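The values are calculated or read from the model by the stated rules, or taken from the named source; none is laboratory data. Since the structure is predicted, the reported quantities are computational estimates derived from the model, not experimental observations. Every residue, glycine as well, gets a Cβ built from its backbone with ideal geometry; the counts of neighbours run over all protein chains shown. Surface areas here come from the heavy atoms of the whole protein model, side chains and all, with no ligands, DNA or RNA. Shrake-Rupley method; radii C 1.70, N 1.55, O 1.52, S 1.80 Å.
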Amino acid sequence: AHIRVSTTEAAVPGLPAELDGLRLCLIGDIHMNRYKNGNDMTPVKNALQYDLDHLYFFSGDLTSRGRRFLKPALQLTANPRGKIGSVACMGDHDYWTAPDLIADEMQKRGWHFLRNRHHLFTYKGRRILVTGITYVYSKRISRYQLENLLATAPEADLKIILVHQPREYLVETAAQYGYHVFL
């Protein structure tokens, strides 16, 4: 298993002072398989339990193939301890494996699983919007659907998009609709 941990600081122009210092943790492409076991994934488990991060994000792909390794992958990502919340979206391998089962099981384990939907959090009196987009090889939101979804987004002080495949037109469209962070 190759796990890369990196930290990036990003400035968001016009961010309210109450949201200054907000910590986001993005995890993706776990791809649990016969070559990865629980011990190999300790950095992922630790990251989800630190209590330091405000929002956790999972950008999809729990397993590499099939349901055989789904249970340990779900156990690994269970009950993230984000101070505000945790949001996940669909990855290619999730879609090919069991999209409804994975969404349901992640929700049972403390994640808001968003498939072309919004979720609004309130923190220190400020509103944080997360929009989860399904854009994978086998299931892609159309430009029309994307624009309708983003046009109906609730007002928020910070707007974040989460998607597995970050295509250029998705980034550009999100910027047009006032999104601050694209994950």
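Structure notes:
- Most to least accessible of Cys89, Cys25 (protein chains only, probe 1.4 Å): Cys25, Cys89
- Mean separation of Cα pairs under 8 Å and 6 or more residues apart, divided by the residue count, gives the chain a relative contact order of 18 percent.
- Both the radius of gyration and Dmax for the chain are 15.9, 46 Å, in that order, over alpha-carbon atoms.
- The chain: most fluctuating residue of Met106, Met32, Met41 per GNM, C-alpha cutoff 10 Å: Met41
- Antiparallel DSSP beta bridges within the chain, percent to nearest 5: 30 percent
- Lysine pair number, Cα distance threshold 29 Å (strictly under), the stretch 26-183, separation 8 or more or different chains: 22
- With DNA, RNA and ligands ignored, accessible area of Arg143 (1.4 Å probe; Å², nearest 10): 120 Å²
- On full extension, the segment bounded by Ala175 and Glu147 gains 8.9 nm, given 0.36 nm per residue less the C-alpha separation.
- Alpha carbon centroid spacing (whole Å) that separates the stretch 13-74 from the stretch 113-183: 19 Å
- Debye, to nearest 20: dipole size of the chain, +1 on Lys, Arg Cβ, -1 on Asp, Glu Cβ: 580 debye
- Area accessible to solvent at Ser138, 1.4 Å probe radius, in Å²: 60 Å²
- Neighbourhood net charge (13 Å Cβ-Cβ; Lys/Arg +1, Asp/Glu -1) for Gly60: -2
- Coordinate range of the alpha-carbon atoms in the stretch 1-95 per principal axis, descending: 46, 26, 22 Å.
- Within the assembled protein chains, the solvent-accessible surface assigned to Thr97 is about 20 Å², based on a 1.4 Å probe.
- Close amide-amide hydrogen proximity is noted between Ile161 and Thr131, Val181, Phe182, Leu183, each under 5 Å apart and 5 or more residues distant or on a separate chain (H modeled in the peptide plane; Pro and chain starts excluded).
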